[in-house]
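Structure, as structure tokens:
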Amino acid sequence: MKLKSTLAACGCITALLFHPVVSSEQDSIPVKPVTLRGVPYSLLVVNNPTKIAVAGDTAVTITAPGRTNLFNAPDSGYYVQNAPRLCFKPDNAFLLTARVSARLTEIYDVAALVIYQDKDKWAKLCFENSALKQTTIVSVVTANRYSDDCNSIKPDKDHIYFAIARKGAEFSFFCSPDYKSWELVRHFRLEGLNDQMTIGFAVHGSRRAKTDSFSGTFSEVTYSAKAPANMRDIGTR
């Protein structure tokens, strides 16, 4: 299946020795919703980014303060939900793609595509500086309060193309170095979703000082309210 025709219309753990760290999601800041040419819906700003910059109507850069994250550690010692997000309510079937770029200089710097129902049910596909100080594609699925954390491909560039596909409760994550050939990163299911679920973009830098900041850019964004025929293969262009 050609991707072009379809478009026509994980995480990280911080070691804690004593007390659990808990940080709840903050309210959306009262700013004008963001619009991008490739998305037919307005995007809502969540969790107080330091800055949001839209270039024309085709790209957006989100800047997050330090000590931000989106991760529910399996050992229950780290439960943080304060990563700035830019999100919208999607259709029951869709394909979202974006070019994701960032200068990953600190451990656990992350720019990600995100699916978010609530604090205990969400998933993200991350362009991340891993614990080994390597640029890594990381996927995180949180289906019942606690997150898993899966490291996969190690790209050698400062950007990557990501795709999220949905067909009801079925989801797939894909990545590509060039928007031509796509590789499946994750195929999974999230039950119990409702019309409050959102998708979009997130940035966080959990190891940075609170006064420090980290930016990720999302460009060449496309959205189609149609799932791929094969949820494990979105084809080549």
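Can you run down the residue pairs with Cβ atoms below 7 Å, 6 or more apart or on separate chains, where the first is in segment 224-235 and farther than 17 Å from SER181 by Cβ and the partner is part of a strand (DSSP E or B) and among the acidic types (Asp, Glu)? So the pair list comes out as MET231/GLU170.
Residues in segment 209-231 that are within 19 Å of the chain's Cα centre (by Cα) and not in a strand (DSSP E or B) were compared, and the one that is surrounded by the most Cβ atoms within 10 Å (Cβ to Cβ) is ALA227. Looking only at segment 57-115, filter to residues that are of a type in the set (Phe, Trp, Tyr) and within 14 Å of the chain's Cα centre (by Cα); which one of those is surrounded by the most Cβ atoms within 10 Å (Cβ to Cβ)? Once the filter is applied, the top-ranked residue is PHE71. Checking every residue in segment 192-206 against the condition of being assigned to a strand (DSSP E or B), in contact with a His (Cβ under 9 Å, 6 or more places away or on another chain) and surrounded by 24 or more Cβ atoms within 10 Å (Cβ to Cβ) gives zero matches. Considering segment 172-196, and only residues there that are of a type in the set (A, V, I, L, M, F, W, C) and touching a Lys or Arg at 6+ places or on another chain (Cβ under 7 Å), the residue that is nearest to ASP118 (Cα to Cα) turns out to be LEU190. Selection of strands (runs of 3 or more DSSP E) fully inside segment 68-172 by the criterion of at least 2 residues being within 18 Å of GLU220 (Cβ to Cβ) returns 85-88, 93-102, 109-118, 121-129, 159-167.
Residue pairs whose Cβ atoms lie under 6 Å apart, separated by 6 or more positions or on different chains, with the first residue in segment 75-92 and more than 17 Å from ILE62 (Cβ to Cβ) and the second crowded, with 19+ Cβ neighbours inside 10 Å and hydroxyl-bearing (Ser, Thr, Tyr), are LYS89/THR198. Scanning segment 182-201 for residues that are within 17 Å of LEU125 (Cβ to Cβ) and not aliphatic (A, V, I, L, M) yields TRP182, GLU183, ARG186, HIS187, PHE188, ARG189, THR198, GLY200, PHE201.
Look through SER152, SER139, SER181 and report the one residue that is loosely packed, with under 15 Cβ neighbours inside 10 Å and under 20 Å from THR97 (Cβ atoms). That would be SER181, the only listed residue that is loosely packed, with under 15 Cβ neighbours inside 10 Å and under 20 Å from THR97 (Cβ atoms).
For segment 182-204, a tally of residues being more than 15 Å from VAL141 (Cα to Cα) and either of a type in the set (D, E, K, R) or modelled with pLDDT under 95 (or both) returns 2.
The values are calculated or read from the model by the stated rules, or taken from the named source; none is laboratory data. Bear in mind the structure is a predicted one, so any value in this text is a computation, not a measurement. Neighbour counts run over all protein chains shown; Cβ positions are idealised from the backbone, glycine included.
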